[in-house]
Amino acid sequence: LLTIFFNFNNNYFEEKNIRQNLSLIINDKKLSEYGEVAKSSVLPISWAYNNNLKERVYDFETAKKFFEKNKINNNSKELKFVTFFDYYDIAEEVVSEMRKIGLNVDLKIISQLSDEFDFFMAFLKIPQDPDQYYFWHSTQRNSNIGNYKNMKIDLLLEKGRSTFNLEERKKYYFDFQKTLQDDPPALFLYYPYVYEIKRK
């Protein structure tokens, strides 16, 4: 799952309206050329996938007005957007949109991740099981890349892994996905298309 992580060590991202409005500059029509557009960090083929999640809306003008109205153009502070070479083209498109709404964003190619980022784009390898405690629970210092903290998410992840009852787990993970949409720890972009080539 191609993902743009927010670094919550930067208090700029504490306000979820900022993160929600940043999602408005993501053009899913363009992304659909590369893969299946993501609404969740749970695999679309999973038994725990929530089909009732809201579609992401591309609304550049609303995002621009939000950042202008709230004086969040951030021109005085540079935001660091880092990624690996393989994802540079898509990162460049996203950063271009960020600059158009007034954000001062610097795009850098890295060979390995450090804490020196505000946005980090990379592929997140999604497990078959919907348990994503490892990625989003606040206690997971090494694997919760952006240092995301949400008490409701913590509780849902704890409950989801504490029972073997499939219907109970499904309820917890449905709620988990809705909560992630409301308070996003990252921007989930797409699941890449995979092509299998066979010799005739």
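Couple of notes before you dig in:
- Any strands (runs of 3 or more DSSP E) falling wholly within region 43-126 and containing at least 1 residues that are hydroxyl-bearing (S, T, Y): 79-83
- Residue match in region 125-141 (condition: touching a strand residue (DSSP E or B) at 6+ places or on another chain (Cβ under 6 Å) and open to solvent by 20 Å² or more (accessible area, probe 1.4 Å)): no
- Of all the criteria given as (1) farther than 22 Å from Q177 by Cβ; (2) β-branched (V, I, T); (3) open to solvent by 60 Å² or more (accessible area, probe 1.4 Å), the one not satisfied by T83 is (3).
- Boolean, L107 is in contact with an Asp or Glu (Cβ under 8 Å, 6 or more places away or on another chain), more than 25 Å from E33 (Cβ to Cβ), open to solvent by less than 90 Å² (accessible area, probe 1.4 Å) and at pLDDT 95 or above: no
- Any chance M151 is modelled with pLDDT of 95 or more and touching a Phe, Trp or Tyr at 6+ places or on another chain (Cβ under 7 Å): no
- Condition met for N51 (out of contact with any Gly (no Cβ under 9 Å at 6 or more places or on another chain) and either surrounded by 12 or more Cβ atoms within 10 Å (Cβ to Cβ) or closer than 16 Å to L189 by Cβ (or both)): no
- In region 101-127, the residues that are free of Cβ contacts under 8 Å to residues at least 40 places away in the same chain and within 21 Å of Y12 (Cα to Cα) form Cβ pairs under 7 Å with partners that are of a type in the set (F, W, Y) and open to solvent by less than 30 Å² (accessible area, probe 1.4 Å), at six or more places apart or across chains, as follows: G102/F67; V105/F81; D106/F81; L107/F81; L113/F120.
- Taken over region 156-180, the residue count meeting the criterion of being farther than 17 Å from N52 by Cα and either open to solvent by 40 Å² or more (accessible area, probe 1.4 Å) or part of a helix (DSSP H, G or I) (or both) is 11.
- Condition check for F6: among the aromatic types (F, W, Y) and touching a Phe, Trp or Tyr at 6+ places or on another chain (Cβ under 6 Å): yes
- Selection of region 1-34 for residues being open to solvent by less than 40 Å² (accessible area, probe 1.4 Å), more than 23 Å from K77 (Cα to Cα) and either at pLDDT below 95 or among the β-branched types (V, I, T) (or both) yields T3, D28, L31.
- Here is the figure for region 181-196: residues that are in a loop (DSSP other than H, G, I, E, B), under 15 Å from L1 (Cα atoms) and open to solvent by 20 Å² or more (accessible area, probe 1.4 Å) total 2.
The values are calculated or read from the model by the stated rules, or taken from the named source; none is laboratory data. As the structure is a prediction and not an experimental result, all values here were calculated from the model. Note: ideal-geometry Cβ built from the backbone for every residue, glycine included; neighbour counts use all protein chains shown. Surface areas here come from the heavy atoms of the whole protein model, side chains and all, with no ligands, DNA or RNA. Shrake-Rupley method; radii C 1.70, N 1.55, O 1.52, S 1.80 Å.
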